[in-house]
Amino acid sequence: MAAERAGSGGGRSRKVAKKRDHDFVTGTSYAPAPESSAQVKIAKSYDLFIGGKWVKGSKRMKTINPATEKVLSEVAVAGPKEVDLAVKAARKAYNNVWKKMPGRERGKYLFRVARLLQERAREFAVLESMDGGKPIRESRDVDLPLVAAHFFYHAGWADKLDYAFPGRKPQSLGVAGQVIPWNFPLLMAAWKLAPALACGNTVVLKPAETTPLTALLLAQVFEEAGLPDGVVNIVTGAGATGQALVEHPGVDKIAFTGSTGVGKMIQRALAKSGKKHTLELGGKAAHLIFDDAPINQAVEGIVNGIFFNQGHVCCAGSRLLVQEGVADLVIRKLKRRMETLVVGDPLDKNTDVGAINSKEQLGRIKGLVAAGEKEGACSWQSGQRLPGKGYWFKPTIFTDCAQSHRVVQEEIFGPVLAIQTFRTPEEGIEKANNTPYGLSGGVWTDKGSKIFKVTSAMRAGVLWANTYNKFDPTSPFGGYKESGVGREGGLHGLAAYLEI
Ligand code: NAP
Ligand code: MG
């Protein structure tokens, strides 16, 4: 079916849409409010952080700003030799220093790191937005506060592990190999490093190829905090670097966050190795909106869940299941809200939807959207003008979706929402659960009893009611089915870094 791409009434011509900027509903546009990048000093090139020293890699790779396609820096690529060096440095630091150190001393380092991150929060947020394309509002107001919170929370546990697991003698595991994705580069690093270190493990961390810079700045914070050499090692590179780390026999535990496809490869590689592992993988979360829901609040939740941060969120509410009686109203309000989203410069404080992280990811999104159109779903996009340079995708919805459509079943990881309707709670739950994933979901209703009934039947690790995308380090996080193995955060997350 041909895509319907005009304004909310369905009939606006492209010509009219082009004349206005930003807000097609009110006709207003915002004055640019760019965050300064003056406090960020990006070096021409970065080496690997191994054993407290900066070590040359086997090759170099470029990292770009996806909003401008400009090269930001060159970063070392760790080959098997450098990964081996890093694992050995981590082992040495584990045996000689970190394993023996009392929990309260380890905690002090983590508190120090947390405070330094708070002090340098703006610098980190700007760098994160430059390297990854996410809106500064997101990196400044969501990522950085959560990053500090993860270090603070786990710092507090470092000397209380015996109380966390009463009657047990929790022991650290040894060297943890950690591989993280590009959608929350610094937050995923904090999410992985803080519990590992609090529990007395040392770490080799592999950031994503397209977003290595904040992890390397974090290495500088570890230096500033005086963290003993080798306790954290950072090896940049692409998939092969991650693979070398996963397969290294000197690693005791693998913590991975990324796609289900790579997660499955890792699980195969780890079979029979005896290494512990936690895998946080993809998702295809559904919002269930009932006819008694607070509709405006729900629309805001949907927008937050899939369009802010370009849908680059594992928990992204990429499916909307709306009860038939309110479907037209919800879709009408949603389209109107989509027209008011500000798409563009990630460093502009008004921006809601930033740049797509890479050319490859943009290609993937375009491919799946084309598949949706080919399979017969009806697409609609808001009318924003996109910048000429960089990687961008307009907020997009699909209606008339069948359960079997690829846009309903597959993770798109872009600002694309597939909408379906349901009549009874049972039908809604059935549809929500009918994907290979089970990471997260949202329920919108006025009735507390319905919230309990529906959330207990939904097969998802994280569920929000009348809100969306709220995170806290005290809360365990993780998926069912193909969304992962194990939990991170809270006591469950500590347990994953300990022999109890
Ligand atoms: P990805 O392609 O799976 O990559 C994740 C990380 O693994 C990257 O550092 C990647 O390196 C590395 N890698 C690639 N191949 C590898 C291999 N064979 N062995 C070991 N490591 C390998 O995922 P992504 O595209 O970066 O991130 C998006 C995905 O992450 C989505 O599916 C999203 O749902 C998921 N995610 C899940 C959670 C969660 O908590 N459940 C949170 C955030 C994201 P390169 O960067 O060089 O490819
Ligand atoms: Mg980049």
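The values are calculated or read from the model by the stated rules, or taken from the named source; none is laboratory data. In this text the structure is predicted, and so the values were computed from the model without any measurement. Cβ sites come from the backbone with ideal geometry, for glycine too, and all protein chains shown count toward neighbours. Heavy atoms of the whole protein, side chains included, go into the accessibility calculation; ligands, DNA and RNA do not. Shrake-Rupley method; radii C 1.70, N 1.55, O 1.52, S 1.80 Å.
It is to be established whether one or more residues within the range 454-477 are of a type outside the set (Val, Ile, Thr) and touching an Asp or Glu at 6+ places or on another chain (Cβ under 6 Å).
yes
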Which helices (runs of 4 or more DSSP H) sit wholly inside the range 398-489 and have at least 2 residues that are within 16 Å of ligand 1 (Cβ to nearest atom), on the phi < 0 side of the Ramachandran plot and open to solvent by 20 Å² or more (accessible area, probe 1.4 Å)? 406-409
Please identify the pairs in which a residue from the range 68-93 that is farther than 17 Å from Gln178 by Cβ has its Cβ atom under 8 Å from the Cβ atom of a residue that is hydrophobic (A, V, I, L, M, F, W, C) and part of a loop (DSSP other than H, G, I, E, B), counting only partners at least 6 apart or on another chain. Leu72/Ile42; Ser73/Ile42; Ser73/Ala43; Val77/Ala238
Give the number of residues within the range 95-117 that are touching a helix residue (DSSP H, G or I) at 6+ places or on another chain (Cβ under 7 Å) and farther than 19 Å from Asp162 by Cβ. 5
Selected residue (criterion: nearest to Arg168 (Cα to Cα)) from residues of the range 490-500 that are open to solvent by 60 Å² or more (accessible area, probe 1.4 Å) and not in a loop (DSSP other than H, G, I, E, B): Glu499
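Ala189 - would you say it is touching a Pro at 6+ places or on another chain (Cβ under 8 Å), in a loop (DSSP other than H, G, I, E, B), at pLDDT 95 or above and within 13 Å of ligand 1 (Cβ to nearest atom)?
no
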How do the pairs read when you match residues in the range 487-500 that are modelled with pLDDT under 95 with residues anywhere that are not acidic (Asp, Glu), using Cβ under 6 Å and keeping only pairs 6 or more apart or on different chains? Ile500/Phe165; Ile500/Arg168; Ile500/Pro170
What number of residues within the range 409-462 are hydroxyl-bearing (Ser, Thr, Tyr) and touching a Cys at 6+ places or on another chain (Cβ under 8 Å)? 1
Scan the range 155-166 and tell me whether some residue there is modelled with pLDDT of 95 or more and either closer than 25 Å to Gly242 by Cα or within 16 Å of ligand 1 (Cβ to nearest atom) (or both). no
For the range 199-221, pairs from a residue that is over 30 Å from Lys169 (Cα atoms) to a residue that is of a type in the set (D, E, K, R), with Cβ under 6 Å and 6 or more apart or across chains, are Thr211/Asp131; Leu213/Asp131; Thr214/Glu128
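Only one residue in Lys349, Lys359, Lys366, Lys374 is open to solvent by 50 Å² or more (accessible area, probe 1.4 Å), farther than 22 Å from Ile289 by Cβ and within 16 Å of ligand 2 (Cβ to nearest atom), so which one is that?
Lys359
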So which residues in the range 352-385 are within 18 Å of the chain's Cα centre (by Cα) and part of a loop (DSSP other than H, G, I, E, B)? Asp352, Gly354, Ala355, Ile356, Asn357, Ser358
